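Here the structure comes first, spelled out in structure tokens, and everything after it is commentary.
Readers should treat all values here as calculations from the given coordinates under stated rules, not as data from a laboratory. If you're wondering where the values come from, they're calculated on a predicted model, not measured in any experiment. Ideal geometry is used to build each Cβ from the backbone, glycine not excepted, and the neighbour counts take in all protein chains shown.
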Amino acid sequence: MPLARARGFGPLPSFLEERAGEAALLKVFRSARLPLALETELDMPIPLRAMVDLFARSQRELGSRTLGLEIGERMTHLGYGDWMRFSLRAPSVRDGIVRLCATSWAHQRGFEFGFGRSGPVWVWRATPLFNEGKQAQYIDHLIPPMMTFVQHYLGRSWRPVWVEVNYPRDPGAAQVEDRIQAPMRFDGQGVALAILPEDTLRASPMPLNAGGGSVELRDLLSETALREAPESVRSVSAIVALRLLDGESDLDGAAQLAGLSLQGLQRRLRQDGYTYREVLDAARRARAMSLLLKTPLSISEIAMALGYEEHSNFTRAFNRWTGLSPARYRELSRVDLT
């Protein structure tokens, strides 16, 4: 199930609110079945199909052909956080892109990244592995961060020999070409930049820890509920955790966001020896501990945020998970932190 971290949509929420107002922002997020709380939960994994849908719905709301590019320009490569910062520590363009391709798992699952020779140029390409990955606005928003990553080494005036996108040419494509100031190739495999061979060897003129403090490979390892579980179970766990941001926990909604039928989702879990209730329990437990430690929310408010109709049901569940009441867990945790 293709997933990406929420930071991948960059400043799209604030951009949409600036252009169309808060009501339009809420409308677009609700129609894409995504919680607006993602604005402050940027490391939360979300289904890539939902992110693609978010860009498409935003474009329809604003009617702007260059929406994707404008979002990407505001993001730059540093909008992807530690993944890009770790890759920028490599000494040359080639080494940086190779490092980025090798650690793409830190940000998403759903694209295949590659870098290799193609005739007279080297091509850095990100190929989507899911059917919805040809939506123009989503693809366009990837171009500026890829370009600014290379510009870190080659300077702001650098432009690719050509840019590839995987969607067909449309009447508004000229606006995109004018904005990126590079020739475009359509109906390709993914989104790609062509780089001259001599440019791939250029060293960075900036310190190797550019873009923030030092980032090591271990910093890219994500903590997720059920991290020892099979891949399909971890993906469902990520979707359940995402929906808990809105206090939603029903099986039907999780299946819709995953792009599966209710029976299909249950079958996938059952094949790996899990039930939806077990996955929901694990996600609720992780979210409950985080809210108890990091927020001043009351126990009743946390229970509601986790989709419990009764405060007592949450207390019983938390006691089953930890052997402690939520209040006692919060009390002991605060003692440990002092």
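Considered as an equivalent ellipsoid built on the Cα gyration tensor, the stretch 146-186 has semi-axes of 22, 10, 7 Å, the largest given first.
In the stretch 41-163 the Cα-Cα distances spread across 10 Å bins starting at 0 as 12, 43, 36, 9, 0 percent of all pairs. Under a model in which nothing but the beta-carbon of Lys, Arg (+1) and Asp, Glu (-1) is charged, the chain shows a dipole of about 420 debye around its Cα centre. The alpha carbon radius of gyration of the stretch 1-50, expressed as a multiple of 2.2 N^0.38 Å, is 1.10. How big is the gap, in Å, between the Cα center of the stretch 54-132 and the Cα center of the stretch 251-286? For the stretch 54-132 versus the stretch 251-286, the Cα centre distance is 30 Å.
Dividing the convex hull volume of the alpha carbon atoms of the chain by its residue count gives 151 Å³ per residue. Ranked by the mean number of other Cβ atoms within 10 Å of their residues, highest first, the peptides 128-141, 101-114 fall in the order 128-141, 101-114. Evaluated at q = 0.20, 0.28 Å⁻¹, the base-10 log of the normalised Debye intensity for the stretch 86-155, with identical point scatterers placed on the Cα atoms, takes the values -0.94, -1.43. Think of it as helices only: each DSSP H run of n ≥ 4 in the chain is worth -39500 (n - 2.57), and spread over all residues that comes to -15500 deg cm²/dmol at 222 nm.
About its Cα centre, the dipole of the stretch 74-193 is roughly 380 debye, where the only charges are +1 on Lys and Arg Cβ and -1 on Asp and Glu Cβ. Using Cβ point charges alone (K and R +1, D and E -1), the dipole size of the stretch 15-61 about the Cα centre works out to roughly 340 debye.
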